Structures are given as C-alpha cells and as structure tokens.
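The values are calculated or read from the model by the stated rules, or taken from the named source; none is laboratory data. Worth saying up front: this structure is predicted, and the values here are computed from it rather than measured. Note that we place each Cβ from the backbone using ideal geometry, even for glycine, and neighbour counts take in every protein chain shown. SASA here: full protein model, heavy atoms, side chains in, ligands and nucleic acids out. Shrake-Rupley method; radii C 1.70, N 1.55, O 1.52, S 1.80 Å.
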Amino acid sequence: MGVVNVGIIGAGRIGQIHAGNILQSESVKLKAISDVYLDHVKGTKLEATVDYLTNDYREILADPEIDAVFICSSTDTHFDIIVEAANAGKHIFCEKPISFNIQETQRAIEAAKEASVYFQVGFNRRFDKHFRKAFEEVRKGTVGQPHIIKITSRDPEAPPEAYVQRSGGMFIDMTIHDFDMIRYLSGQNATEIYVNAANLVDPMFGRHDDVDTAIITVTFEDGSLGVIDNSRKAAYGYDQRIEVFGDKGVVTVANEKPTNVEISTDQAVTADKPKYFFLERYQDAYVAELTAFIESIVEKKPVLCNGDDGLQAELLAYAAKLSVKEKRPVTLKEIERNLVK
C-alpha cells in the first residue's frame, strides 16, 4: 500500500485538527469530509483540497478508494458509524470516548475485530514526547517498581454550558484522558477507584449532575496506587503534569511552556505560564498519533492505542461516577458484573 486514502467524519474543531495534519503528511491523502453542517468548511483550504464534501457520511463509507476513516463526530454517533465503517472494511480512528454506553463500546470493538480492520482510539497524550519518554523510562525499570503514579490535569477555562449538557460529564469527557494515561504509565489495569468530588468552579455543572473538581484514587492489580487531581479551571493555564514514583527513583514531567526562560532578580523569580490549552500543548502529539495509525495500516502492525484501551478508560469513568454518587470505593469487577446483568 502506498498513500493511504482517508475520509473525515465530523468537521468540528477536532476534525479540522486532524484534517490539517493529514494535509501536511506525504503518506496520507484526505479524500473526503462529511458533516451534517458544512458551511464552515466551504470556501476554505479544506474544500479546495479534498475530492468532495458531503452531508452523508455513508458516501465516504461507500467510496471504494477510501482505506480509513477518522470519526470526529459527536460521541452519540460513534457506535453506529464504527459498526458501519467496520462492515465497509474501513480502518477506523475514533476520537474518545468510543461511546456513552459500555455495551455499545464492546460491540463496536467486536465489529472491528470481526472485520479485521485496524481500530485506534484518540488518546493523543500517549503520543506526547514528554509522556512517551516517561513511559519508556518506567518500562525500562529506571525508577524500579512503580508505587505511586500522580497525574494533575486542569483546564484553563470551564466549557460552555451547552457543551456540558452533552459531554457525558467530567469523567467521560475530560478525566478519561487521565484514566488512559494512568493505565499506560502503570502497565496494569485498575481494580478499584475512589473519588471525592465537588462543584467549586461553576454551579452550572451541578445543574447537569456533573462535577468540576475531583481527587481520584486508583488501585492497580499489584496493589500500587494512582492519584489524579482534576479541575475545570486553572487561572494560570493548562496544567498537565505527571509523576511516577518507584522503589529506585522518580520520573516527572512538568508543564510545557512557550519558553523555558526563567528570570531571577532581587524582586521576583518569573517564568512563562503553561501553554494555554490542548491545541497548543498537544499539537505535536496529534501529528504523532496520526503517523502511528497510518504506520499500523501500511506496516500491518498493532495500533498503539486500541479498542480495549478505550473500554478500560470508560469503565474507570463509570466507576468514578458511581463512586461520587454513592460516596464509596468502587471495584472494576462490580462495574463489569453490572454490565452482564
């Protein structure tokens, strides 16, 4: 296989990010874009570059020249599109979460397996060069056996209320990245989760049965621990830090800043604030995950973030929500048993 022909389903912010990165790649051709609304794409470089725009994603799935699709539409559409894409023999890149329903997520994963198509989930932070380096050092045993993994993840601004209404809640929308990252760094599945959460940023989250601030404790299969702290608003910018503490040392990743210049005088020590939000912080990671997905297709090798990774992060998200609701620790086995009923 030479150049991989792809179509993008969903031309919102994240779809346009992927589209821009695809246009910069020599190994991928963006053949088509679909969205229910296309006015914001018409007259742009995207329209001038792709073969066609369509309001019906099924036109992309029916196109025999398209090898893979990027599903960037709203989460409530993911399941149907994944199944249809798999049945059409298209390789699938799907933004997180796979769905709002665990059973649908499981069926989507099975559909991709049965069709023998590659299925990658969009946990882009795995492809960040800093986090990837930390992961590699942990896997090499540089810091020994991990005992505590800490993740700080705080957004610079709360999202608008219209978004919160359809987001699925903080744990499935925002923290799901941290659930994936903490599993990625640990190399293990979680067995139990306990969450202490609050509404401290904006009362509108509470109006939608959501929270905006949380401290999350995770227990892994070997008894090691993880801690995630989240906030929907950090006044100083996008706060993204990790730490893996082991019996031989510790590896840390600090915030990425526009520059690493620090000025010290007799008045103060000053430095740049963190990069403002995910578009700036993870720009290179989006390119790297695209490259990895295309390499999996061309070189016929497993994707680096598969459907089961998406499922495990979703299980943690729903366990977290139950922990908040019932104010108690929740085991992952409990969530899995409830799914079978």
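Amide H to amide H under 5 Å from Val227: which residues, 5+ apart in sequence or cross-chain, H placed 1.01 Å off N in plane?
Excluding prolines and chain starts, which carry no amide H, the hits are Ile149, Lys150, Ile151, Val218.
On the accessible surface of the range 63-203, probed at 1.4 Å, how many percent belong to carbon and sulfur atoms?
Carbon and sulfur: 46 percent of the exposed surface of the range 63-203.
Can you list the HN-Hα couplings for the range 120-126, worked out from phi with the Karplus curve (6.51, -1.76, 1.60; θ = phi - 60°), rounded to whole Hz and with x for Gly and Pro?
After applying 6.51 cos²θ - 1.76 cosθ + 1.60, I find 10, 9, x, 8, 5, 5, 4 Hz.
Considering the options Leu322, Val269, Leu290, tell which one lies farthest towards the positive end of the dipole of the chain, charges being +1 on Lys and Arg and -1 on Asp and Glu at the Cβ, about the Cα centre.
Final value for the positive-end residue is Val269.
Please give the helix 129-140 orientation as an angle from the longest Cα principal axis of the chain, in degrees from 0 to 90, rounded to the nearest 10.
70 degrees
Counting only residues 5 or more places away or on other chains, whose amide H sits under 5 Å from the amide H of Val211 once H atoms are built in the peptide plane?
Sorted by chain and number, the residues that satisfy this are Met170.
Counting other C-beta atoms within 10 Å, and keeping those with at most 14, which DSSP coil chymotrypsin sites (Phe, Trp or Tyr not before Pro) do you find in the range 209-286?
Tyr236, Tyr276, Phe277
Take the chain, connect every pair of alpha-carbon atoms lying under 10 Å apart with a spring to form a Gaussian network, then pick out the residue of Asn189, Asn230, Asn260 with the largest mean-square fluctuation.
Asn260
Please sort by residue number the chymotrypsin sites (Phe, Trp or Tyr not before Pro) in the range 86-122 whose DSSP state is loop and whose Cβ has at most 11 other Cβ atoms within 10 Å.
Here no chymotrypsin sites (Phe, Trp or Tyr not before Pro) fit, given the DSSP loop and packing criteria.
Check which residues have an amide H placed less than 5 Å from Lys96's amide H, if you skip close sequence neighbours.
Here Gly122 satisfy the definition.
Keeping all protein chains in place, calculate the accessible area per residue for the range 272-341 (probe 1.4 angstrom), answer in Å².
52 Å²
Could you compute how much accessible surface Val261 exposes when probed at 1.4 Å, giving the result in Å² to the nearest 10?
80 Å²
Based on DSSP, what percent of beta bridges with both residues in the chain are antiparallel, to the nearest 5?
55 percent
In debye, nearest 20: dipole of the range 95-136 around its Cα centre with unit charges on the Cβ of K, R (+) and D, E (-)?
Charge dipole of the range 95-136: 300 debye, to the nearest 20.
Under a GNM of the chain (C-alpha, springs under 10 Å), which listed residue has the highest mean-square fluctuation: Asp39, Asp239, Asp212?
Per the Cα network of the chain with a 10 Å cutoff, Asp39 tops the list.
What number, rounded to the nearest 500 deg cm²/dmol, is the helix-based mean residue ellipticity at 222 nm of the chain, given -39500 (n - 2.57) per DSSP H run of at least four residues and division by all its residues?
-12000 deg cm²/dmol
Val36 accessible area, nearest 10 Å², 1.4 Å probe?
Rounded to the nearest 10, the figure is 100 Å².
Roughly how many debye, to the nearest 20, is the charge dipole of the chain about its Cα centre, given +1 on each Lys and Arg Cβ, -1 on each Asp and Glu Cβ, and no other charges?
540 debye
Please state the charge dipole magnitude for the range 197-341, taken about the Cα centre, from unit charges on C-beta atoms (+1 on K and R, -1 on D and E), reported in debye and rounded to the nearest 20.
With only Lys, Arg, Asp and Glu charged at Cβ, the dipole is about 480 debye.
For labels at Asn260 and Arg207 in the simple 7 Å Cα→Cβ model, what's the distance in nm?
So the two model labels end up 4.5 nm from each other.
Considering only Phe131, Gly89, Ala108, whose Cα is most displaced toward the positive end of the charge dipole of the range 86-148, charges sitting on Cβ of Lys, Arg (+1) and Asp, Glu (-1)?
So the residue furthest toward the plus end is Phe131.
Per residue of the range 317-334, what does 6.51 cos²θ - 1.76 cosθ + 1.60 with θ = phi - 60° give for ³J(HN,Hα)? Whole Hz please, x for Gly and Pro, Karplus curve as stated.
Per residue, the Karplus-derived 3J(HN,Hα) values read 4, 6, 5, 5, 4, 5, 4, 5, 4, 9, 6, 7, x, 10, 8, 5, 4, 4 Hz.
Send over a whole-number figure in Å² for the accessible area per residue of the range 69-203, probe 1.4 Å.
39 Å²
Based on the Cβ-Cβ distance from Glu114 to Arg139, what FRET efficiency comes out when R0 is 30 Å, to the nearest 0.05?
According to the calculation, E is roughly 0.45.
Stretched out fully, how many nm does the piece from Glu65 to Arg107 gain, at 0.36 nm a residue minus the Cα gap?
Separation in residues times 0.36 nm, less the Cα-Cα distance, equals 12.5 nm.
Only one of the listed values, (1) 32, 24, 21; (2) 44, 23, 17; (3) 44, 22, 20, was derived from the coordinates as semi-axes √(5λ) of the Cα gyration tensor in Å; which label is it?
Among (1) 32, 24, 21; (2) 44, 23, 17; (3) 44, 22, 20, the one calculated here is (1).
Could you compute how much accessible surface Thr142 exposes when probed at 1.4 Å, giving the result in Å² to the nearest 10?
80 Å²
Which of the listed residues, Ala190, Gly237, Thr175, is farthest toward the dipole's positive end in the range 155-277, when Lys, Arg count +1 and Asp, Glu count -1 at the beta-carbon?
Working it through, the farthest residue towards the positive pole turns out to be Gly237.
Using θ = phi - 60° and the Karplus form 6.51 cos²θ - 1.76 cosθ + 1.60, what ³J(HN,Hα) does each residue of the range 53-60 get, whole Hz, x for Gly and Pro?
10, 8, 8, 10, 4, 5, 5, 5
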